[in-house]
Amino acid sequence: MVDLESEVPPLPPRYRFRDLLLGDQGWQNDDRVQVEFYMNENTFKERLKLFFIKNQRSSLRIRLFNFSLKLLSCLLYIIRVLLENPSQGNEWSHIFWVNRSLPLWGLQVSVALISLFETILLGYLSYKGNIWEQILRVPFILEIINAVPFIISIFWPSLRTLFVPVFLNCWLAKHALENMINDLHRAIQRTQSAMFNQVLILISTLLCLIFTCICGIQHLERIGKKLNLFDSLYFCIVTFSTVGFGDVTPETWSSKLFVVAMICVALVVLPIQFEQLAYLWMERQKSGGNYSRHRAQTEKHVVLCVSSLKIDLLMDFLNEFYAHPRLQDYYVVILCPTEMDVQVRRVLQIPMWSQRVIYLQGSALKDQDLLRAKMDDAEACFILSSRCEVDRTSSDHQTILRAWAVKDFAPNCPLYVQILKPENKFHIKFADHVVCEEEFKYAMLALNCICPATSTLITLLVHTSRGQEGQQSPEQWQKMYGRCSGNEVYHIVLEESTFFAEYEGKSFTYASFHAHKKFGVCLIGVRREDNKNILLNPGPRYIMNATDICFYINITKEENSAFKNQDQQRKSNISRSFYHGPSRLPVHSIIASMGTVAIDLQDTSCRSASGPTLSLPSEGSKEIRRPSIAPVLEVADTSSIQTCDLLSDQSEDETTPDEISSNLEYAKGYPPYSPYIGSSPTFCHLLHEKVPFCCLRLDKSCQHNYYEDAKAYGFKNKLIIVAAETAGNGLYNFIVPLRAYYRPKKELNPIVLLLDNPPDMHFLDAICWFPMVYYMVGSIDNLDDLLRCGVTFAANMVVVDKESTMSAEEDYMADAKTIVNVQTLFRLFSSLSIITELTHPANMRFMQFRAKDCYSLALSKLEKKERERGSNLAFMFRLPFAAGRVFSISMLDTLLYQSFVKDYMISITRLLLGLDTTPGSGFLCSMKITEEDLWIRTYARLYQKLCSSTGDVPIGIYRTETQKLTTSESQISISVEEWEDTKDTKEQGHHRSNHRNSTSSDQSDHPLLRRKSMQWARRLSRKGPKHSGKTAEKITQQRLNLYRRSERQELAELVKNRMKHLGLSTVGYDEMNDHQSTLSYILINPSPDTRLELNDVVYLIRPDPLAYLPNSEPSRKNSICNATGQDSREETQL
């Protein structure tokens, strides 16, 4: 082995002062060579080239000097012409010789020497081996013509009066100006608009043509009319403008020939320049140009980054963004890589938008395009994903790169990002606000199954509206529904509020109830000044502080409200029969909401071992006075608050041995495995041991069980079926809200996932800990798959829009397959509650479509009228949307837009949907009004009852108007004309059979729709005259009934035969189950005097049960925690 240490030279000694003076002696004996690089740049030529050409700043100075020199030579020529006295005679010598004074000649010679020297020097520095290329250039030839005669005249004095066409230096000045602009752009490292350069070249070309023509005509006419410069200018302008007055014309053949030549040159040069200018103008129109830096510094603007801009997306953004008064002066800059769509171009030409919206074609990944949009000066940047892409993951990746690029370019610009897949959220955690589409979508679909129409409730809350929709309609339900849809979430500091300032030091429920009773506002949450977490209904134990930020639901924010005293209120409401606004309450409403003076405190106490109930007073008290309600206490009393001990889960009143064994199988805790990073941990019902993957398959038996269909499992509760294409990570958010810890065990519905493709193993790992969650590979296109998964005894069928169908050649056809499949389900299983997700909101009108339903046609015309009035919620009156049976995730885009003004909206929405859980924050649930609850009478009394007993805060009502039909009438949709002919004979008998209780509001006497509804529908949808013969109408009606009845029977026989073929029992299937026609809608924060009706579902924000668990007291039974999504006797009793 070679000794390596002997080959390594010793290190040089440490430098001493002697080494600094004498140098390192060891270095002199070293064989190393010092190498100097870039020696080629040290030559004299290279240094000159660096100064005159390569260096941008010095080259710019040289170009500027050259440009000034050419302009000076042209100015000297004009001075020579003006000083010259026109001589008499028509001799040709006047063309070749001119009068030039000695000082003027000296100046022109000096300019010529400098110009020629500079031209030769630049030619030498740019020489690349071909000398003829340098000599034959047009600028060099012009320089020789203008400079060499003056230099020769130095040595030959007789040539000092020789005519030299110095005016041709204008073309050299134009050439110098172009080079100067290019050097200027390089020097400041900024790309100027090509349009500016082209316009500058065009203007300079025109000026050079005109100047050349002026000087040439003036000189050639020295032997003719002897025109001066002004006459020559006049002639050129008249000639080039094709006016041709004829008062000034050239006389000599030379001047005429010169004019012809100049016109030919103009006809060749100018069209080329104009063509280039037009091309650049068209390109500028496509790309959008630049957003002005001056405007960016003086005006406020936001940037919208999208991969493709559709007209629906644009209008949703603009309508929602500019709905807020303080955003009216903002500019919107759209940065999109694709060319502007024709419809978008048409909309942006409207004056309302053309002055405020600027479209730039460019990419967010290019700093140049971000600079064009002035991203560093923007108030916010909205980055939206393209949900219509086939590969949604790829769309998310593009969104992530855009967010990174914007953050890198403008770190201080607030980011509002929309993402599609939840697993991609952690890449953009730095963004100020993030909305994950699949998270919100599946959470809303899940809550729709237990709290009906949650999707409609959230959609109305996040849309900006003034509550004017439907106010021109004669329909009472449309007026109430439209007015209540104007309620939104606002915030205000408690000490600055007129609504809530007086409740400082009071409990939250006390403040919420009294603010609603006094002002009609619904206080739903608070946030401490030193805490970022929002608490929804923190409960009666929460004491309000002066610095708390209050979140409330109202028609408008407090700052835009006016307040009247009681006397003014009585005068203004003396002629009103119902509620008109949140700040004007009728006197009888205030009295009714207080109940009687005598208060039965014992009604709210726990009177039995079965748990606390809000029961009806005794019969004796009913006869004497109206039932009373306990007051809402200013400070919480522990003994009067009925709490829920959900940890011990003793909520069931009667526990059977089977239920005891099932309770032992369940536990409460956090899911041990999450399918993606960034999911919020939620306390849930879990199994002690995870289920084997083979047992999760519903239709396949395994060694652990032998069941092959949903019926064989014998579930006690009805199923919830989810039909999706793939088991994406977002589907996890469908299961979590349905298995949350505050859902009673006896109300847990089995969940069946009907998937087109088998799920991945990591997804099965996540769901195997949840009780009663199964999957099955199949499609809603296949009737056998639907029957196996238990569609005949399902409570809800959730149809998720398939990703593979979201993109289509025609945009609105993306929902075609989903709509037809849901229509088939609706015809086969008409009693099934179907909840559908669509890509485009405009397609909601096709859900549960009936071609001859006059009422639907009338609603269609109402929607068109509301859209003409400028409503952002024109689709809200569609019956499927109002009932919560259909929604589009694109309607939640406004949630991201609203966050620019209300930065708390995303947090509140996530808390309502159960996506986030904050300790001490409540949750959304519902309760159903039964016959025993109608003694409450009004919404205000219900508000008081809930706040004083359970601490719940109601936020709205889901109302369903149901009318029974006879068997013959239930088979068809009754037309308006036929109803008019038979209404007199039907009204009397039906009035006797459908008489309502006097405590509820008046209902319609007609079996299908209310009388006014039918009259209104008849007036809007009449197409022709009524039939003359009633006999013929009755025969036609009977034939139609027979046809419809036979069609139903055929469908029923088809389903039953398939069930028999699969070995399934047909007991649960009822083919004649469409006996009702319902009309459902939502009333958000209704007026205090709103009458409660039978089967009303009240939306509640219930306090966090874990926040009220006593440490020493025994846990109480939680019958009040039974969130009502099912028709069971264990619901909250009032």
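Please list 949-956, 170-177, 916-923 highest first by mean number of surrounding beta-carbon atoms within 10 Å per residue.
For the peptides 949-956, 170-177, 916-923, the packing ranking is 949-956, 170-177, 916-923.
In terms of Cα atoms, the Rg and Dmax of region 50-189 work out to 17.0, 59 Å.
Across all Cα atoms of region 701-750, the radius of gyration (one decimal) and Dmax (whole number) stand at 13.2, 34 Å. Once you have a ≥ b ≥ c as the square roots of the Cα gyration tensor eigenvalues for region 295-393, tell me rounded if a/c is under 1.5, and otherwise prolate or oblate according to whether a/b is larger than b/c. Note, shape of region 295-393 comes out oblate.
Once the Cα-Cα distance is subtracted from the 0.36 nm per residue extended length, the LYS128 to ARG346 segment shows a gain of 73.1 nm.
In the structure shown, do any of LYS690/LYS718; LYS407/LYS668; LYS441/LYS902; LYS45/LYS70; LYS425/LYS711; LYS711/LYS745 have a Cα-Cα gap over 31 Å, and if so which?
Where the Cα-Cα span goes over 31 Å, the pairs concerned are LYS407/LYS668; LYS425/LYS711.
Projected onto their three principal axes, the Cα atoms of region 657-746 cover extents of 38, 35, 24 Å, largest first. Take the Cβ atoms of SER394 and LEU83, set R0 to 60 Å, and the FRET efficiency comes out at 0.20. Under Stokes-Einstein, with the Kirkwood radius over Cα pairs as Rh, the value for region 836-931 at 37 °C and 0.692 mPa s is 205 µm²/s. Highest average first, the peptides 773-785, 122-134, 703-715 ordered by how many other beta carbon atoms sit within 10 Å of their residues are 773-785, 703-715, 122-134.
The figure for ILE889 is an accessible area of roughly 10 square angstrom, using a 1.4 Å probe on the protein chains alone.
The values are calculated or read from the model by the stated rules, or taken from the named source; none is laboratory data. None of these values were measured; they are calculated from a predicted model. Positions of Cβ are generated from backbone atoms using ideal geometry, with glycine treated the same way; all protein chains shown enter the neighbour counts. Side chains are part of the model used for accessible areas, which takes the heavy atoms of the whole protein and leaves out ligands, DNA and RNA. Shrake-Rupley method; radii C 1.70, N 1.55, O 1.52, S 1.80 Å.
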